[in-house]
1. Classify the range 66-179 as rounded, prolate or oblate from the Cα gyration tensor: take a ≥ b ≥ c as the square roots of its eigenvalues, call it rounded if a/c is under 1.5, otherwise prolate when a/b beats b/c and oblate if not.
2. Would you look at the GNM of the chain, springs on alpha carbons closer than 10 Å, and say which of 44, 136, 241 moves the most?
3. Name the shape class, rounded, prolate or oblate, that the alpha-carbon gyration tensor gives for the range 160-202, where a ≥ b ≥ c are the square roots of its eigenvalues, rounded holds for a/c under 1.5, and otherwise prolate holds if a/b is larger than b/c and oblate otherwise.
4. Could you work out how far helix 166-176 tilts from the main Cα principal axis of the chain, as a 0 to 90 degree angle to the nearest 10?
5. Which value results when the Cα radius of gyration for the range 6-150 is divided by 2.2 N^0.38 Å?
6. Please build a GNM for the chain, connecting alpha carbons under 10 Å apart, and tell me which residue among 243, 74, 196 fluctuates the most.
7. Using 0.36 nm per residue of separation minus the Cα-Cα distance, give me the extension gain between residue 230 and residue 174 in nm, one decimal.
8. If you line up the long axis of helix 34-44 against the longest principal axis of the chain, both from Cα atoms, how many degrees apart are they, to the nearest 10?
């Protein structure tokens, strides 16, 4: 959540930049603790799994389960759920405490859905369909409210591969034909609709409205060699970077940017001159 979880988001961004590199690994649902599996069966039994991930923490492995409709469930090492979020609808009513449901039903929040719920050691936090965020203590006394108007999800919708421009479909067929799609997202922008295609191995491909690819990222391996310009491959192969993979590549209007395994980020101009890098 934007206001309450700033520190956690910064930490998560650091992990994302560094990619998995030993801290994360794909898992099956059978590898989750029994408590977690029971929770998923009770509340999400009819959903299609996109992927599941285990992340090594000091206290043990934590788990993230993502479904094809972009419902996400996070679990602690003991299998107790930590957070549930839903991009396009409400989280299961049964997991929301009565006191929180009563609060949402009253006042300015009546009619809104709980899109995300987090339970911590000392508090509960929810995000509503409007984007407003509310924090409670363990006795469900309101500690803080962050009022928002409009939600990012209003600009996003679930899509299918067949909706993508032909240029995008051709690109995916050429480079990712052996992968299984987890979900596809369409996001409305001023210039048109952009698309994000995510595979079950957490490879992600983003497209501009004209169907040209904008970025490709891979959590557990290199992006396709064929999409990396020769000049960038030569740079990576030289010097201290020869043992690193290109895990993410972005092409902008005025240059390129890559992220290598172990987190090195390099920015190039259109002529592939290095502008900056950050290890």
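1. Prolate, since a/c reaches 1.5 and a/b exceeds b/c.
2. Judging by the Gaussian network model, the answer is 241.
3. Judged from the Cα gyration tensor, the range 160-202 comes out oblate (a/c at least 1.5, b/c at or above a/b).
4. 80 degrees
5. In units of the 2.2 N^0.38 Å rule of thumb, it is 1.08.
6. Of 243, 74, 196, the Gaussian network model singles out 243 as fluctuating most.
7. That pair, residue 230 and residue 174, stretches by 18.3 nm at full extension.
8. Long axis of 34-44 versus the principal axis of the chain: about 80 degrees.
Coordinate-derived values only; no laboratory data. Predicted model only: the values in this text are computed from it and were never measured. For neighbour counting, all protein chains shown are included, and Cβ atoms are generated from backbone atoms with ideal geometry for every residue, glycine included.
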